[in-house]
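Reading through the structure tokens given below for one structure.
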Amino acid sequence: MSSLDAMRRSIDSQPSTLSTYRDELHRHRSEYATLKPTRTIFTGSGDSYSAALFASELSNGRLLAFDPYELSKKTWIAEEKNIVIISVSGKTKTNIKLAKKLRRKARAVVAVTSDPYSPLALKCDDTLILDHHKENVPTAGTSSYTSSLLACGFLLGKLPKALDVSKTLAGAWTWAEKAAKRSIPTSFTVIGSGLEHAVGYYGGLKFNEVLGLPATCQYPEEFGHAYLFSLKKTDSIVCMSPDYDPKTHAVSEGLRKSHLRTLSVQSRSRDLVLRGVELAFYFQCFAYVLARKKGLKECAYISDKKRLATSSAMIY
């Protein structure tokens, strides 16, 4: 099975796996205290950093989200705080070093990981296990990311009361097929505020690792100050929830009038966790559809063996 085949299976598994995981978390509610945002810091790398940003937005900015290496340089911030380290594999060396460093300073260090016996889990005071679809071949993170969003909601007392995202995923596939009818962009810029920015960061990572194309995520306020001037007509700008955020709407309208290539992604869900899941679906489906259109047989990061080895050496 190719990494793209595995990605497709993982994406399509989510309505079932997320519903099962939501129910599992609900059953374990009494075993985990709801974390107070002002006494909590979330951290993680890559997709997990996006999940940490998402947790901060769930708290309306009351909890801090940090890159793990940056937090390791400012350990005083963690004193008497609950530290939540999100890592799907539990093997990222910076996270492991951070957990070891903070055990005596933090109120508690909690691992959110798929492996209860991972090096990270063994260094932490407590562990919340991620339950998601797994394949025997490496692929881009999809169900592992959305399960991380559920885990963040659970720890903050914001787990959805019910979860049925079958129609949501079907809608994301329809949107992606329509959006992919244009020529493949030379790069991507995602623009979003608040929760949309947190998930937009994840979207940029999918364009990087699946398509091997440049991608970034910008706040709507920052976008026009300098980054706008680097864009080409062949680039694609994804504006997140422009109908709900006035600044993003203004940016979207300005780009449209300038004849730059724009797309809009938005969720109408009032539940913040479900909104995050839906937005993630759009990016997953779009990256996959574009990869197939591009004629790729594997995710770009799998095909580039030299860079993959360099990446692994940096991370593990």
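Bear in mind these aren't lab numbers, they're just calculated from the coordinates by the rules spelled out. The model shown is predicted, which means the values in this text are computed figures rather than measured ones. Note that each Cβ is placed from the backbone with ideal geometry, even for glycine, and that neighbours are counted across all protein chains shown.
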Practice task
Show the residues, 5+ positions off or on another chain, whose built amide H is closer than 5 Å to the amide H of Arg261.
Solution key: Ile237
Completion exercise
Long-range amide H partners of Thr40, meaning residues 5 or more apart or on another chain whose placed amide H is closer than 5 Å, are Leu64, Asn82
Exercise for the section: Using θ = phi - 60° and the Karplus relation 6.51 cos²θ - 1.76 cosθ + 1.60, list the HN-Hα couplings for the range 82-95 in order, rounded to whole Hz, with x at every Gly or Pro. Expected result: 7, 10, 10, 9, 8, 7, 4, 7, x, 10, 5, 5, 5, 5
Fill in the blank from the handout: Relative contact order in percent for the chain (Cα pairs under 8 Å, 6+ apart) equals 20 percent
Completion exercise
Surpassing 27 Å at the alpha-carbon level, of the pairs Lys74/Lys305; Lys178/Lys306; Lys134/Lys294, are Lys74/Lys305; Lys178/Lys306
Practice task
Note down the nm distance, to one decimal, between modelled labels 7 Å out along Cα→Cβ at Asn136 and at Arg256.
Solution key: 4.9 nm
Practice task
Only Cα pairs under 8 Å and at least 6 apart count here; give the relative contact order of the range 3-162 as a rounded whole percent.
Solution key: 29 percent
Completion exercise
Rounded to the nearest 10 degrees, the helix 3-27 long axis (Cα) sits at an angle to the longest Cα principal axis of the chain of 40 degrees
Practice task
Place the peptides 67-74, 39-46 in order of packing, highest mean first, counting for every residue the other Cβ atoms within 10 Å and averaging per peptide.
Solution key: 39-46, 67-74
Practice task
Compute the signed sum of charges (Lys and Arg +1, Asp and Glu -1) over the other residues within less than 11 Å, Cβ to Cβ, of Ser193.
Solution key: -4
Exercise for the section: Starting at the first residue of the range 195-201, write each ³J(HN,Hα) from the Karplus equation 6.51 cos²θ - 1.76 cosθ + 1.60 with θ = phi - 60°, in whole Hz, x for Gly and Pro. Expected result: 4, 4, 5, 4, 6, x, 4
Practice task
May I ask you to derive the FRET efficiency for Asp243 and Ser183 from their Cβ-Cβ distance with R0 = 22 Å, giving the value to the nearest 0.05?
Solution key: 0.25
Completion exercise
Ordered by fewest other Cβ atoms within 10 Å, a rough proxy for footprinting exposure, Glu298, Glu79 read Glu79, Glu298
Completion exercise
Phi-derived 3J(HN,Hα) across the range 118-135 with the Karplus relation (6.51, -1.76, 1.60, θ = phi - 60°), rounded Hz, x for Gly and Pro, is 5, x, 5, 4, 6, 9, 9, 6, 8, 9, 10, 7, 7, 10, 8, 5, 10, 10
Completion exercise
For Val109, other-chain or 5+-apart residues with amide H closer than 5 Å (H placed, Pro excluded) are Ile83, Asp125, Asp126
Completion exercise
So for R0 = 22 Å, FRET eff. of Tyr69-Tyr32 from the Cβ-Cβ r, to 0.05, ends up at 0.25
Practice task
Please arrange Lys232, Lys247, Lys206 by counting, for each residue, the other beta carbons lying within 10 Å of its beta carbon, fewest first.
Solution key: Lys232, Lys247, Lys206
